[in-house]
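No lab work stands behind these numbers, since they all come straight from the coordinates. Computed from a predicted structure; not experimentally measured. Cβ atoms come from the backbone with ideal geometry, glycine included; neighbour counts cover every protein chain shown.
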Amino acid sequence: MFEFLLNHSREAFSKGEIVLAGPLPAWLLWSVCAGLALFCAVWLIRRRRDLAVHRLVAIWGLQSALLGILAVLVWQPALRIEELRTGDNVIALLLDVSGSMDQKEPDATRLESARALLHESELARALEARYAIRRFQFAGDAAPVENFAALPEAAGSTDLGKALLNVLRLSRNASLAAVVVASDGADNSGRLDRERLAEIAAFGVPVHAIGIGALAIPGDIELEEVELPERALPGTKVTASVTIRHDAPATTRIKVYDGEEFLASREVELSGDSAVTAAMIDFNAPEKGIHDLRFSLENLPDEVNLRNNSRGRALEVADRTYRILYIEGEPRWEYKFMRRALEDDPGLNLATLLRVSTNKFYRQGIANQDELAEGFPTARAELFKFDALMIGSIEAPHFSKEQQELIRDFVSIRGGSLLMIAGPNGLGDGGWGNSAVSEALPARLDVKPPAFIRERARVSLTPIGGNSPMLQLAAVAEDNLKQWNELPEIADHQSMGDLRPAAVSLLQIHAPQGEQPLLVMQPYGRGRSYILATGGTWRWQMGLPKEDQRHETFWRQLARGLVNDVPNRFELSARLADERVKIQARLYDENYEPARDLAVTAVVTPPAGDPVTLELRAAPGQPDLLEAEYLPDATGLYHLEAIARRGEEPLESATRALRFDQGDAEHFRIRQDRTMLESIAAATGGRYWQASELGQLPDVIQHSGAGITERRLLPLWNAPAWFILLLLLKSAEWLLRRRWRTI
């Protein structure tokens, strides 16, 4: 209707400028219009007869408007616009032939639907009539083709950004006016970030994205992501976080397998209020070694795509002993029962310093006779060889300023965990709120002494604590809550003041003063810090039957949680991106300063075949980060061993494992990613299109700012809208005169 009334499209008006094409100047037009309005006024006043003033004004307005429009038409209004010159420009058509385009839709596959839009269609014919057409098909890269007559087999993973850049570079010497891409937007390369979008936009060529595929698939559920720790200790409770994508309410069950061995399962309700549901599932870490875990969802009835219901992950169950240093200022029951709880854990070594008199400490759990012989460490290398640090009822002034700074750096630089335990000389009562360690702690310790109170209080989980692997006393959430609520009361607690913004409370007490945090945590630098605001958990052991292991379980899980994610001196990571394995390593010396004088070699052992040796190089702009890439070619578990050496002498080694499922990437994220396509179009000055809107695309391309353009003047004086408006004005005047009986 718009184009019928004004002879030209909305796009032409949005890109063009309305001008007067006649030979007479514009100022004269406004003078003529004013003169005509004045003439109408004089003429009506002389012939007013019996008309009231307001009726005269109405007639004057209608007649003046009519004469003014006629005057405008004499000055020849036109639309000045730049258009692509016919025959001198190139349009690139891109067809996505990646694996996700093989997805079956109600009438055809996505690839068939996309081909129908770009091959011998009205859109294709309209573009061919004005421009030279270059055709490409892409998955990981763009390849030129003669036409889209033959449907290729759906290829591997999608790298939409790489394909667009390749087309733009190949057409650098041509007058490329626009790129039209038909895709579902399922880019799984992980590379289409802001920098790459800016690189694409820098070519100045608009990209028009045609969305292919359904935005929602109610009959499908997808295990979108599985996150779990890289390492675990044998027998430790491991918590995996799973993300499930769905488009309708349903019930499913998540299951965990170690090879053929079943580990755990949990029922998950998928709400209709959200398209994504997050859930946690716990299982006990198997024996030491590398384990090939499989997480899978129970299928929905009549679900077609089952390959996105399962994901594999590798878990390293550490074959090492983690070391914890615990310094305590006085002999007390908490010290005794904690040591007893941890001494039988083969994955932990608890080295303790117990002050028995002024400047005299009793050592236990030491590696040799020289370790801790001078008391608490004064050198980085001596303290940083531990993975976690516990500080009990001992005052801050016992430690020198340098030692306090060393404790703070242990958390922020070394990445260790710090646990402060309440006591008469601990926390705020021990002056720790004014120490160099204070900024690393999760609470401000700004309570005036004495903050340590001897009174009974019941302990309970907070909502966040209920999801923490450290605080699981039972496998089922309801049972776990019950186990905590049934514990005997503690007999002391210590106020810690306001929590810092990043801190979270895991346990709380119900005291006469109200609820107070008991166990809190915050990340700090590379590590984490904790406060346990009681020295009375030993009462759980004394108040429970001998066979009840809840006290031992609490301390073992807490201690394992402290050390589980602590970084090593040689950190090795491997992740998948665009079906490539990106290997990264960081090395530190004994003071946890970057070790830049070492070379690193990675040996990748595939599921079958010979090992491959890779040399890791410094990442651009990051001399402390070494990296390499490896292209896996078979499904299975890949073992990595990185060896650091000085010259030819090997010094350190680290291992990792990675699960790769070849061809699986295209079976995930199968819903059309409209957001991705819109971001590409918006960044380049193009538009996102649905199939039903493509009739407008040739006109939009015609007014593209890229390519070779020509300036045109499109006449507006002959638009039907003018004549319709003139007819309406004269009809309105006639109707008013007839109503007022002046005809």
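Indicate the gyration tensor shape class of the chain (rounded, prolate or oblate), computed on the Cα atoms with a ≥ b ≥ c the square roots of the eigenvalues: a/c under 1.5 is rounded; otherwise a/b larger than b/c is prolate and the rest oblate. It is prolate, given that a/c is not under 1.5 and a/b is the larger ratio.
Counting only alpha carbon atoms, the long axis of helix 550-563 and the longest principal axis of the chain meet at about 60°. With the simple model of a label 7 Å out from the Cα in the direction of the Cβ, Arg739 to Thr243 spans 6.3 nm. Extension gain for Glu590-Ser265 works out to 112.8 nm (0.36 nm per residue, less the C-alpha to C-alpha distance). Given R₀ = 56 Å, what would the calculated FRET efficiency be for Ala26 paired with Asp273, taking r from the Cβ atoms and rounding to 0.05? Calculated transfer efficiency: 0.45.
Computed extension length for Arg340-Ser692: 119.5 nm, one decimal, from 0.36 nm per residue of separation with the Cα-Cα distance subtracted.
In this simple spin-label approximation, Ala577 and Thr86 carry label points 7 Å from Cα along the Cα→Cβ vector, and these lie 4.8 nm apart. Taking 7 Å steps out from each Cα toward its Cβ at Glu648 and Glu405 produces label points 4.3 nm apart.
Note on Asp292, Asp409: ascending count of other Cβ atoms within 10 Å places them as Asp292, Asp409, the fewest first. Hey, could you grab the Kirkwood Rh for the stretch 604-743? Inverse mean 1/r over distinct alpha carbon pairs, Å, one decimal. Kirkwood hydrodynamic radius for the stretch 604-743: 24.0 Å. Sorting the segments 503-515, 177-189 by their residues' average number of neighbouring beta-carbon atoms within 10 angstrom, most packed first, yields 177-189, 503-515. Here is the tail figure for the stretch 329-435: Cα pairs spaced more than 16 Å apart come to 61 percent of all pairs. Label zone of Lys288 (point 7 Å out along Cα→Cβ, amide N under 20 Å): in the stretch 226-251 this covers 230-238. Here the Karplus curve 6.51 cos²θ - 1.76 cosθ + 1.60, taken at θ = phi - 60°, turns the phi angles of the stretch 325-342 into couplings of 9, 10, 10, 10, x, 7, x, 8, 4, 4, 4, 5, 6, 5, 4, 5, 5, 9 Hz, with x standing for Gly and Pro. The Cα atoms of the stretch 444-574 define a convex hull whose projected area, averaged across directions, is 10.1 nm². With R₀ fixed at 35 Å, the C-beta to C-beta distance from Asp624 to Asp498 puts the FRET efficiency at about 0.45. From most to least packed by mean Cβ count within 10 Å, the peptides 89-98, 372-381 give 89-98, 372-381.
Helical runs (DSSP H, four residues minimum) scored at -39500 (n - 2.57) apiece and divided by the length of the chain put the mean residue ellipticity at 222 nm at -7500 deg cm²/dmol. Residues within the reach of a label modelled at Ala477 (point 7 angstrom out along Cα to beta-carbon, backbone nitrogen below 19 Å), restricted to the stretch 449-470, are 460-470. Starting from the Cα of Arg253, move 7 Å in the Cα-to-Cβ direction to define the label point; list residues of the stretch 307-339 whose amide nitrogen is under 12 Å from there. Zone members listed by number: none at all. If you take the alpha carbon atoms of the stretch 322-563 and fit the smallest convex hull around them, that volume is 120 Å³ per residue.
Phi angles of the stretch 296-305 translate, via the Karplus equation with coefficients 6.51, -1.76, 1.60 and θ = phi - 60°, into HN-Hα couplings of 9, 9, 5, 5, 6, x, 6, 6, 8, 8 Hz per residue; Gly and Pro are given as x. Sorting Thr358, Thr684 from the fewest to the most surrounding beta carbons within 10 angstrom yields Thr358, Thr684. Restricting the calculation to Cα atoms, every distinct pair contributes to the Kirkwood radius of the stretch 570-665, found to be 13.8 Å. Once the Cβ-Cβ distance of Ser121 and Glu17 is raised to the sixth power relative to R0 = 30 Å, the FRET efficiency obtained is 0.35. Taking 0.36 nm per residue of separation and subtracting the current Cα-Cα distance, fully stretching the chain between Asn299 and Glu515 would add 73.4 nm. The calculated P(r) of the stretch 221-308, using every Cα pair and 10 Å bins from 0, goes 16, 49, 26, 9, 0 in percent. Using the Cα coordinates of the stretch 399-473, the gyration tensor eigenvalues translate into equivalent-ellipsoid semi-axes of 24, 20, 9 Å, sorted from longest to shortest. Over every Cα atom in the stretch 385-434, the radius of gyration and the widest Cα-Cα span, Dmax, amount to 10.7, 30 Å.
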